[in-house]
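Participant: My structure is below; once you've seen it, I'll send some questions.
The values are calculated or read from the model by the stated rules, or taken from the named source; none is laboratory data. All values derive from a computational prediction rather than experimental measurement. Because the Cβ atoms are built from the backbone with ideal geometry, glycine has one as well, and the counts that use them run over all protein chains shown.
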Amino acid sequence: MTKKTTVKDIAEKLGISAATISFVLNGQDKGISEDTRRKVIAAAVAMNYRKLPRINLLGWTRIAYLTSRIEHFNSYTSFFAGVYSNMQRKSAANKIELSLHEFSTESPEESYLQLQKLRAMDIDIFLSNSPLTAKYLLKNGLKVILVQGGIMLECVSVYCDDYSAGKIAGAYALKMGHTTAGTIFPRGMPGARFNGFCEAFTTGGGQCPEEFRWPVTFDHETMTGEIRQLSKDRKLPTLFYCFADNIIFPAIRALSISKLRVPDDVSLIGTDNLYWGKYATPAFTTVDLNEEMFADKLIEAVRHVTVGGAPYQLAVPVKLIERETVNKLS
């Protein structure tokens, strides 16, 4: 039977006290030099020490994903949840330790306390979809990757090609014979996705009247009531482009209350290709933001930042998924 390696064995091999070895192997190595820490971990790995803490493995990168809306990371309910799940699935193979944390910059005192807790975790790189959070972390000398939060020249920015997403949706609406369309977007969030759709649709000969560019509250219950009221007792466009697939759910509900069927009376195109959309009835026609590819690009960005690479900006390509919520008009 092979003798198990002990803390004492490692201490004797390195000529370092057992207490120091124990501190390093239990993640309590503050005040211990990086050179000593690495020697201890290397020896423990070589000697097949069986209680190595995963956070101290050599060659691993510690990543903290920060978000102000932790509910957006519920399984399969948002683009961010899909990206995070794909990163988790691939983290071990890429020697990444990934964790998710709620973080807000609204209160300077709270931000400071949150940051100190994160510093104690010895995080190597932070991911955030908030430019404000990214700027705060950069100001404090930390490494940051901006995730689907636009473009920042000060750090690596990985984002979806939202403009192309909108253009693809607009072109498909025209291809399916629709000549008048509306949009359903969260209030204050038109952006590139909205611009791409309107440009492609109107340039191709369609109309997107102002009265049917509906701003809604990003809360499903409230949104359902808003769409119901906006669609009540009026002739609607034959198609609406939705900011995200999770807007299609309340849209279908609101339209059905108004005795309108999807897609027979009103067609809907979403964005994200969320998990539940392909199992809904009707299944969602949507623009796929390629969550798995996006996760792969983030892992590549992590490697780049780890070795001190310069900031860059990358738009992840998108594609259309044809399903059942768009009616073909003759």
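Participant: Does Ile184 satisfy being modelled with pLDDT of 95 or more and aliphatic (A, V, I, L, M)?
Facilitator: So Ile184 passes the test.
Participant: Is at least one residue of region 229-249 surrounded by 13 or more Cβ atoms within 10 Å (Cβ to Cβ) and over 26 Å from Leu174 (Cβ atoms)?
Facilitator: Within region 229-249 (the criterion being surrounded by 13 or more Cβ atoms within 10 Å (Cβ to Cβ) and over 26 Å from Leu174 (Cβ atoms)), the answer is no, since none of the residues qualifies.
Participant: Within region 267-274, does at least one residue satisfy the condition of being out of contact with any strand residue (DSSP E or B) (no Cβ under 7 Å at 6 or more places or on another chain) and either among the aromatic types (Phe, Trp, Tyr) or farther than 20 Å from Leu329 by Cα (or both)?
Facilitator: There is at least one residue in region 267-274 that is out of contact with any strand residue (DSSP E or B) (no Cβ under 7 Å at 6 or more places or on another chain) and either among the aromatic types (Phe, Trp, Tyr) or farther than 20 Å from Leu329 by Cα (or both).
Participant: Could you tell me which residue of region 104-125 is farthest from Tyr136 (Cα to Cα), considering only residues that are part of a helix (DSSP H, G or I) and hydrophobic (A, V, I, L, M, F, W, C)?
Facilitator: The residue in question is Ala120.
Participant: Ok, one more. Could you say whether any residue in region 143-152 is in contact with a Gly (Cβ under 7 Å, 6 or more places away or on another chain), modelled with pLDDT under 95 and over 27 Å from Gly59 (Cα atoms)?
Facilitator: no
Participant: Name the single residue, out of those in region 170-192 being hydrophobic (A, V, I, L, M, F, W, C) and closer than 11 Å to Tyr241 by Cα, that is surrounded by the fewest Cβ atoms within 10 Å (Cβ to Cβ).
Facilitator: Phe185
Participant: Checking Ser258 against (1) closer than 30 Å to Ala64 by Cα; (2) at pLDDT below 95; (3) of a type outside the set (A, V, I, L, M); (4) assigned by TED's automatic domain parsing to the domain that holds Thr281, which single condition isn't satisfied?
Facilitator: Ser258 satisfies all of (1) closer than 30 Å to Ala64 by Cα; (2) at pLDDT below 95; (3) of a type outside the set (A, V, I, L, M); (4) assigned by TED's automatic domain parsing to the domain that holds Thr281 except (1).
Participant: Follow-up question, since we're still on this one. Among the residues of region 95-103, is any touching a helix residue (DSSP H, G or I) at 6+ places or on another chain (Cβ under 6 Å), part of a helix (DSSP H, G or I) and surrounded by 15 or more Cβ atoms within 10 Å (Cβ to Cβ)?
Facilitator: no
Participant: Here is a list of conditions, (1) surrounded by 19 or more Cβ atoms within 10 Å (Cβ to Cβ); (2) touching a Lys or Arg at 6+ places or on another chain (Cβ under 8 Å); (3) at pLDDT 95 or above, and Ile123 meets all of them except one; can you say which number that is?
Facilitator: All conditions are met except number (3).
Participant: Quick one: Ser267 ticks every box in (1) surrounded by fewer than 16 Cβ atoms within 10 Å (Cβ to Cβ); (2) among the hydroxyl-bearing types (Ser, Thr, Tyr); (3) assigned by TED's automatic domain parsing to the domain that holds Phe212 except a single one, so which number is it?
Facilitator: Tallying (1) surrounded by fewer than 16 Cβ atoms within 10 Å (Cβ to Cβ); (2) among the hydroxyl-bearing types (Ser, Thr, Tyr); (3) assigned by TED's automatic domain parsing to the domain that holds Phe212, Ser267 fails exactly one: (1).
Participant: Then there's this: Could you list, in sequence order, the residues of region 194-236 that are basic (Lys, Arg) and closer than 19 Å to Asp265 by Cβ?
Facilitator: Arg228, Lys232, Arg234, Lys235
Participant: Any residue in region 89-113 that's on the phi > 0 side of the Ramachandran plot: show its pairings with residues that are part of a loop (DSSP other than H, G, I, E, B) at Cβ separation under 7 Å, as long as the two are six or more apart or on different chains.
Facilitator: Lys95/Gly59; Lys95/Trp60
Participant: Given the criterion of a type in the set (Lys, Arg), at pLDDT below 80 and more than 24 Å from Lys117 (Cα to Cα), identify the matching residue among Arg89, Arg50, Arg54.
Facilitator: Sole residue among the options that is of a type in the set (Lys, Arg), at pLDDT below 80 and more than 24 Å from Lys117 (Cα to Cα): Arg50.
Participant: Okay, moving on. Considering only region 143-157, I want to know if a residue exists there that is loosely packed, with under 15 Cβ neighbours inside 10 Å and among the β-branched types (Val, Ile, Thr).
Facilitator: Scanning region 143-157 turns up at least one residue that is loosely packed, with under 15 Cβ neighbours inside 10 Å and among the β-branched types (Val, Ile, Thr).
Participant: To continue, here is another question. Which of the residues that make up region 126-163 are part of a helix (DSSP H, G or I) and under 18 Å from Ser99 (Cβ atoms)?
Facilitator: Thr133, Ala134, Leu137
Participant: Just the residues that are buried (at least 16 other Cβ atoms within 10 Å of the Cβ) and outside any loop (DSSP other than H, G, I, E, B), please, taken from region 77-89.
Facilitator: Phe79, Phe80, Ala81, Gly82, Val83, Tyr84, Ser85, Asn86, Met87
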